[in-house]
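This report concerns only the one structure given below.
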Amino acid sequence: MVKLKKKQRPNPEIPTSSMSDISFLLLLFFLVSTVIDVDTGIGLTLPEYIPIEQQEVVPLSKDRLAALLINENGDVLLNGDIISIPQVQKNLVEKITKKIGQPKTKKLVVSVKVDRKTNYNLYIQALDQVKGAYFEVRETYAKTKYGKKVIELDERETNDLRDEIPIIISIAEPEQVKK
Amino acid sequence: MKFAKKRANSSAAIPTSSMSDIIFILLLFFMVTTTLREVDVLVQYSLPEAKAIEKIENKRLVSYLWIGRDERIQLNDAIVKLEEVQDIMYNKRVSLPNVIVSLRIDKNSSMGIVTDVQQKLRRADARRINYSTLLAP
């Protein structure tokens with residue numbers, strides 16, 4: 001009788017040396033892909049507080065001013081004309097574009113004035129339109145002058161852009177209403 | 001005379017099978033110890049939506065101010081009165097000169113309360129603000 005030799009099996013082993021690399025990659029993947037909720041919103045700088053006694057009235061020529069008024073019923077006035085909110089951007093884009101190339105003291109000032117009872121959401125919509133108008137003009141300016149998008153501009157070009165199209169939004173104080 | 005070379009007879013391999021466990025424990029440790037400075041929001045609010053929005057680049061500079069549906073004001077982690085906003089923000093601004101105030105205001109609020117808060121912020125000289133909004137679809 002022939003003696004059958006039992007086949008020698010190799011020790012079953014899973015290669016674990018690369019497991020740590022795999023878990024490291026996993027860790028890195030999660031680290032990179034996690035987004036911790038980013039704050040987004042409409043940025044603004046409030047005017048400096050000056051006591052009433054020290055306030056001076058600076059005359060502002062009419063063609064510099066774009067006065068946006070929103071009353072408590074949600075009616076919007078732009079320089080005295082009734083307008084709907086989605087039209088504000090288009091209207092302002094024209095006005096801002098006209099001011100490109102003019103000296104610093106002639107740039108457009110957008111004044112937003114509201115009533116104490118105006119809805120906050122409406123105010124944000126209006127402000128959004130104003131900001132949108134500025135962004136649109138800046139984008140076209142960057143494209144025509146430098147052939148780039150705004151975010152691709154270098155520092156010198158960004159400064160030029162900021163000088164040419166400064167965002168001047170004045171938040172007027174609502175008139176005191178007797179309670 | 002021939003000397004036998006002295007050699008360790010144990011294998012020189014480092015046991016790597018438990019390495020993954022160690023790294024997992026490391027991962028877990030960091031996951032557990034990391035706190036994402038959470039603030040309990042004590043007011044109810046829903047944000048308005050807008051398109052022309054920007055990100056706040058530096059989170060370290062941000063102070064949060066909520067105005068809820070019931071016109072209660074929360075500053076960072078506590079409910080405050082309108083009169084207190086000025087002092088708290090002034091102290092904040094002294095310790096952190098370029099503080100940004102992120103205003104999270106309920107969209108159905110009236111501008112009255114918003115204006116009041118803004119006036120307080122102006123007096124406290126914390127003038128960089130950001131109206132927190134969601135991205136409109």
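Take the residues of region A:15-49 that are of a type in the set (G, A, S) and facing another protein chain (nearest Cβ under 7 Å): which is farthest from B:Q119 (Cα to Cα)? Spell out how you get there, then give the answer.
Filtering region A:15-49 for residues of a type in the set (G, A, S) gives A:17-18, A:20, A:23, A:33, A:41, A:43.
Among the residues that remain, those that are also facing another protein chain (nearest Cβ under 7 Å) are: A:17, A:20, A:23, A:41, A:43.
Values: A:S17: 63, A:S20: 57, A:S23: 53, A:G41: 20, A:G43: 17 Å.
Residue satisfying both the conditions and the ranking: A:S17.
Among B:S11, B:S20, B:S46, which is surrounded by 10 or more Cβ atoms within 10 Å (Cβ to Cβ) and modelled with pLDDT under 80? So that I can check it myself, show each step before the final result.
Values: B:S11 fails: surrounded by 10 or more Cβ atoms within 10 Å (Cβ to Cβ); B:S46 fails: modelled with pLDDT under 80.
Result: B:S20 is the single residue among B:S11, B:S20, B:S46 that is surrounded by 10 or more Cβ atoms within 10 Å (Cβ to Cβ) and modelled with pLDDT under 80.
What do you reckon, is A:K131 basic (K, R) and surrounded by 14 or more Cβ atoms within 10 Å (Cβ to Cβ)? Before you say what the answer is, go through the steps one by one.
Working: basic (K, R): yes; surrounded by 14 or more Cβ atoms within 10 Å (Cβ to Cβ): yes.
It is true that A:K131 is basic (K, R) and surrounded by 14 or more Cβ atoms within 10 Å (Cβ to Cβ).
Here is a check on your reading of the model: is B:S109 closer than 30 Å to A:V150 by Cα, touching a Phe, Trp or Tyr at 6+ places or on another chain (Cβ under 6 Å) and surrounded by 14 or more Cβ atoms within 10 Å (Cβ to Cβ)? Steps first, answer last, please.
Working: closer than 30 Å to A:V150 by Cα: no; touching a Phe, Trp or Tyr at 6+ places or on another chain (Cβ under 6 Å): yes; surrounded by 14 or more Cβ atoms within 10 Å (Cβ to Cβ): yes.
No: the conditions fail for B:S109.
Taking the condition basic (K, R), touching a residue at least 12 places away in the same chain (Cβ under 8 Å) and closer than 24 Å to B:A50 by Cβ, does A:K149 pass?
Details: basic (K, R): yes; touching a residue at least 12 places away in the same chain (Cβ under 8 Å): no; closer than 24 Å to B:A50 by Cβ: yes.
For A:K149, the condition - basic (K, R), touching a residue at least 12 places away in the same chain (Cβ under 8 Å) and closer than 24 Å to B:A50 by Cβ - is not met.
Tell me which residues, restricted to region A:86-96, are buried (at least 16 other Cβ atoms within 10 Å of the Cβ) and farther than 19 Å from A:I124 by Cβ.
Taking region A:86-96 first, the residues buried (at least 16 other Cβ atoms within 10 Å of the Cβ) are A:88-89, A:91-93, A:95-96.
Of everything in region A:86-96, those that are buried (at least 16 other Cβ atoms within 10 Å of the Cβ) and farther than 19 Å from A:I124 by Cβ turn out to be A:V93, A:K95, A:I96.
Scan region A:46-89 for residues that are of a type outside the set (G, A, S) and assigned to a strand (DSSP E or B) and jot them down. Step through it out loud before you land on a result.
Step one: filter region A:46-89 for residues of a type outside the set (G, A, S), giving A:46-60, A:62-65, A:68-73, A:75-79, A:81-83, A:85-89.
A:L65, A:L68, A:L69, A:I70, A:V76, A:L77, A:L78, A:D81, A:I82, A:I83 - these are the residues of region A:46-89 that are of a type outside the set (G, A, S) and assigned to a strand (DSSP E or B).
Within region A:96-145, restricting attention to residues that are aliphatic (A, V, I, L, M) and out of contact with any strand residue (DSSP E or B) (no Cβ under 8 Å at 6 or more places or on another chain), which residue is nearest to A:P59 (Cα to Cα)?
Initially, region A:96-145 is screened for residues aliphatic (A, V, I, L, M), giving A:96, A:100, A:108-110, A:112, A:114, A:122, A:124, A:126-127, A:130, A:133, A:137, A:142.
Still in the list and also out of contact with any strand residue (DSSP E or B) (no Cβ under 8 Å at 6 or more places or on another chain): A:96, A:100, A:133, A:137, A:142.
Values: A:I96: 20, A:I100: 22, A:A133: 25, A:V137: 26, A:A142: 32 Å.
Applying the filter and picking the extreme gives A:I96.
Just to be sure, is B:D70 part of a loop (DSSP other than H, G, I, E, B) and more than 10 Å from chain A (Cβ to nearest Cβ)? Lay out the reasoning, then the answer.
Values: part of a loop (DSSP other than H, G, I, E, B): yes; more than 10 Å from chain A (Cβ to nearest Cβ): yes.
For B:D70, the condition - part of a loop (DSSP other than H, G, I, E, B) and more than 10 Å from chain A (Cβ to nearest Cβ) - is met.
Return yes when A:K143 is surrounded by 12 or more Cβ atoms within 10 Å (Cβ to Cβ), charged (D, E, K, R), assigned to a helix (DSSP H, G or I) and within 9 Å of chain B (Cβ to nearest Cβ) and no when it is not.
Values: surrounded by 12 or more Cβ atoms within 10 Å (Cβ to Cβ): yes; charged (D, E, K, R): yes; assigned to a helix (DSSP H, G or I): yes; within 9 Å of chain B (Cβ to nearest Cβ): no.
So A:K143 fails the test.
Let's see how each residue does on (1) part of a strand (DSSP E or B); (2) at the interface with chain A (Cβ under 8 Å from one of its Cβ atoms); (3) touching a residue at least 60 places away in the same chain (Cβ under 8 Å); (4) not aliphatic (A, V, I, L, M):
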{"position": "B:E84", "(1), (2), (3), (4)": "no, no, no, yes"}
{"position": "B:M89", "(1), (2), (3), (4)": "no, no, no, no"}
{"position": "B:R93", "(1), (2), (3), (4)": "no, no, no, yes"}
{"position": "B:V101", "(1), (2), (3), (4)": "yes, no, no, no"}
{"position": "B:K107", "(1), (2), (3), (4)": "no, yes, yes, yes"}
{"position": "B:D116", "(1), (2), (3), (4)": "no, no, no, yes"}
{"position": "B:K120", "(1), (2), (3), (4)": "no, no, no, yes"}
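Where residues in region A:94-124 are at pLDDT 85 or above and part of a helix (DSSP H, G or I), which of them is nearest to A:F135 (Cα to Cα)?
A:I124
For region A:1-31, enumerate the residues that are assigned to a loop (DSSP other than H, G, I, E, B), farther than 13 Å from B:T16 by Cβ and of a type outside the set (A, V, I, L, M).
Taking region A:1-31 as the starting set, the residues that turn out to be assigned to a loop (DSSP other than H, G, I, E, B) are A:1-18.
Okay, now just the ones that are also farther than 13 Å from B:T16 by Cβ, so A:1-12.
Within region A:1-31, A:K3, A:K5, A:K6, A:K7, A:Q8, A:R9, A:P10, A:N11, A:P12 meet the criteria.
Can you work out which of the residues in region B:122-137 that are within 18 Å of A:D128 (Cβ to Cβ) and more than 7 Å from every other protein chain (Cβ to nearest Cβ) is surrounded by the most Cβ atoms within 10 Å (Cβ to Cβ)? Spell out the reasoning first.
In the first step, residues of region B:122-137 are kept if they are within 18 Å of A:D128 (Cβ to Cβ); the result is B:129-137.
Add one more test, that the residue is more than 7 Å from every other protein chain (Cβ to nearest Cβ), and what stays is B:134, B:136-137.
Working: B:L134: 14, B:A136: 12, B:P137: 5.
Result: B:L134.
The values are calculated or read from the model by the stated rules, or taken from the named source; none is laboratory data. Predicted model, so just to flag it, every value in this text is computed and none were measured. With ideal geometry, Cβ positions are generated from the backbone for all residues, glycine too; neighbour counts draw on all protein chains shown.
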